[in-house]
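The structure follows.
The values are calculated or read from the model by the stated rules, or taken from the named source; none is laboratory data. This is a predicted model, so every value here is computed, not measured. Methodologically, a virtual Cβ is constructed for each residue, glycine included, from the backbone with ideal geometry; neighbour enumeration extends over all protein chains shown.
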Amino acid sequence: MQTILHFAQDSDTSGFFPQLARWHDRSRFKMYFATLNPIDGLLRENLESQGVECFSCGCRRRAEYPLGVMRLAKILRRNQIDILHTHLFEPSVIGLQAGVLARTPVRVMTRHYSDYHTRINKRWHVGLDRLCTRVSHSVIAVSEHTAEHMLAKEGAPPEKLHTVLNGIDFDRVALSGADASERIRREFNAEDTHLLVQVARLHPEKGHHYLFQALNEIQRQVSKPVLLLVAGAGPFEAAYRDEVRRLGCDKMVRFLGFRKDSADLMSAADLVILPSVAEAFGLVLTEALYLGVPVVATRAGGIPEIVDDGVDGTLVPPASTSALVSAIVDLLNDEDRRKKMAGAGRAKVLERFRFEDMVRSYETIYEGLVDNRQRAISSQRSAETFAER
């Protein structure tokens, strides 16, 4: 049995790591989990209830990251970890250094973001991205767009790259009840409104600004009141609240913070909106399509790998308020078209975006790396034995 440690930041609002714990093959892999920053208590409780031992490097600021390298290296050595799998930028920078220091046999990184550092001209960060690729044995890209960017812009070795599309656990996207949609509309007094929903962390990458700018014009072109529910947390909440007040559309926007019932929220929507300016994948769109809700999103990153434009949603150029207005108004004013789109993407999601299939793909990559290492060791020993003769 191989031991594997997943290394991440601190929390997990998407439930990604508890789902990994649920779906990993326990007959072949013993899973551990560690975080760079102090671990979220609920995340630890969830994972430990599934038999996953958890650790934390406990770093509260970047000045402590060198200590984090040493702490993680000690964890890797003490638990004889065979496979280190890092996630996101800072955990990969720190985690892979620790893996090299601890001589962890197999080091894998998932790139959950695509061209963000290149697009905002963060040359130092791009350099660290390249370093992480260099010290990894394999890199998993969450979309073809991410893989193509790494090849073309970062010079990643093609033999190291694997594209594994993100998956969703369909049980996790289950509605709370048959009346979930009606309950949400009652909660927000939205029984006779055009209800829009955006589920995303509050960050400029997600394009909230362009949607906020579009709201007044959308309202002018449709017959019913428009209400936008913004579900998600992040450091830009205060700035976004100020923005909608300045735009005079604050009565049309409700900031909900993190909601555990995001599936219920989306099921109640006329449209789910994701106006991202950068997006490695766009997992929330797979969830919306699975729930049978049409989407309006941008042609950013991996989104076109999820949404079939004109079939189960509409795609527009990123950073274009006018394009958002046109697409949203067209769909709100055409109920028949919305109904035709609703559910059109569900079969595709069931076939292409199963979380279990994603985990099996991960495990195939792990086993290939382990086999390669064992063959290399066996070949080296054979050569040494021959030389001794």
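If a residue must be within 22 Å of Tyr362 (Cα to Cα) and charged (D, E, K, R), how many such residues does region 119-139 contain?
Summing the residues that are within 22 Å of Tyr362 (Cα to Cα) and charged (D, E, K, R) in region 119-139 gives 3.
Please indicate, with yes or no, whether at least one residue in region 264-286 is surrounded by fewer than 23 Cβ atoms within 10 Å (Cβ to Cβ), at pLDDT below 95 and farther than 23 Å from Ser14 by Cβ.
no
Just one of Leu215, Leu256, Leu289 is crowded, with 24+ Cβ neighbours inside 10 Å, at pLDDT 95 or above and farther than 25 Å from His87 by Cβ; which is it?
Leu215
Could I ask something else about it? Within region 268-293, which residues are of a type outside the set (S, T, N, Q), assigned to a loop (DSSP other than H, G, I, E, B), more than 18 Å from Arg352 (Cβ to Cβ) and out of contact with any Phe, Trp or Tyr (no Cβ under 7 Å at 6 or more places or on another chain)?
Ala269, Asp270, Val277 - these are the residues of region 268-293 that are of a type outside the set (S, T, N, Q), assigned to a loop (DSSP other than H, G, I, E, B), more than 18 Å from Arg352 (Cβ to Cβ) and out of contact with any Phe, Trp or Tyr (no Cβ under 7 Å at 6 or more places or on another chain).
Could you say which residue among Leu175, Leu195 is surrounded by fewer than 21 Cβ atoms within 10 Å (Cβ to Cβ), touching a residue at least 60 places away in the same chain (Cβ under 8 Å) and over 29 Å from Leu72 (Cβ atoms)?
Answer to the selection: Leu175.
Please go through region 113-131 and pick out each residue that is surrounded by 20 or more Cβ atoms within 10 Å (Cβ to Cβ) and at pLDDT 90 or above.
Of everything in region 113-131, just one residue is surrounded by 20 or more Cβ atoms within 10 Å (Cβ to Cβ) and at pLDDT 90 or above, namely Asp129.
Every residue in region 265-284 that is within 16 Å of the chain's Cα centre (by Cα) and closer than 21 Å to Val226 by Cβ, please.
Of everything in region 265-284, those that are within 16 Å of the chain's Cα centre (by Cα) and closer than 21 Å to Val226 by Cβ turn out to be Leu274, Pro275, Ser276, Val284.
Any idea which of (1) crowded, with 16+ Cβ neighbours inside 10 Å; (2) more than 18 Å from Leu229 (Cα to Cα); (3) over 17 Å from the mean Cα position of the chain (by Cα) is the one Arg185 doesn't satisfy?
(2)
Failed condition for Leu315, given (1) out of contact with any helix residue (DSSP H, G or I) (no Cβ under 7 Å at 6 or more places or on another chain); (2) at pLDDT 95 or above; (3) of a type outside the set (Lys, Arg), with all others met?
Tallying (1) out of contact with any helix residue (DSSP H, G or I) (no Cβ under 7 Å at 6 or more places or on another chain); (2) at pLDDT 95 or above; (3) of a type outside the set (Lys, Arg), Leu315 fails exactly one: (1).
Output the number of the condition that Pro318 fails; it satisfies all remaining conditions of (1) touching a Ser or Thr at 6+ places or on another chain (Cβ under 7 Å); (2) assigned to a helix (DSSP H, G or I); (3) not aromatic (Phe, Trp, Tyr).
The single condition Pro318 does not satisfy is (2).
Oh, and also: Show the residue pairs meeting these rules: Cβ distance below 6 Å; 6+ apart or different chains; first residue within region 320-348 and closer than 14 Å to Ala288 by Cα; second residue part of a helix (DSSP H, G or I).
Here the result reads Arg338/Leu331; Gly345/Leu289; Arg346/Tyr290, each pair linking region 320-348 to a residue that is part of a helix (DSSP H, G or I).
Still on this structure, please answer the following. When residues of region 191-218 are filtered for being under 18 Å from the mean Cα position of the chain (by Cα), charged (D, E, K, R) and assigned to a helix (DSSP H, G or I), how many remain?
Count: 2.
Shifting gears a bit: When the residues of region 73-88 are filtered to those that are out of contact with any Phe, Trp or Tyr (no Cβ under 6 Å at 6 or more places or on another chain) and crowded, with 19+ Cβ neighbours inside 10 Å, which remaining residue is farthest from Val52 (Cα to Cα)?
Result: Ala73.
Do we have any residue at all in region 219-238 that's more than 23 Å from Ala300 (Cβ to Cβ), assigned by TED's automatic domain parsing to the domain that holds Asn333, over 18 Å from the mean Cα position of the chain (by Cα) and modelled with pLDDT under 95?
Yes, because at least one residue in region 219-238 is more than 23 Å from Ala300 (Cβ to Cβ), assigned by TED's automatic domain parsing to the domain that holds Asn333, over 18 Å from the mean Cα position of the chain (by Cα) and modelled with pLDDT under 95.
Sticking with this structure for a sec: Please find, among Arg134, Arg130, Arg185, Arg172, the residue that is in the same structural domain as Asp270 (by TED's automatic domain parsing) and among the charged types (D, E, K, R).
Unique residue meeting the criteria: Arg185.
For region 28-127, please list each of the helices (runs of 4 or more DSSP H) lying entirely inside it that holds at least 3 residues being closer than 28 Å to Leu283 by Cα and out of contact with any strand residue (DSSP E or B) (no Cβ under 9 Å at 6 or more places or on another chain).
By residue number, 41-49, 116-119.
Follow-up. Is there any pair with a first residue in region 16-27 that is more than 14 Å from Ile168 (Cβ to Cβ) and a second that is charged (D, E, K, R) and in a helix (DSSP H, G or I) whose Cβ atoms are under 7 Å apart and which are 6 or more apart or on different chains, and what are they?
Between residues of region 16-27 that are more than 14 Å from Ile168 (Cβ to Cβ) and residues that are charged (D, E, K, R) and in a helix (DSSP H, G or I), the close pairs are Asp25/Glu363.
Let me ask another. Among Ala300, Ala344, which is more than 25 Å from His112 (Cβ to Cβ), aliphatic (A, V, I, L, M) and not in a helix (DSSP H, G or I)?
Just one listed residue meets the conditions, Ala344.
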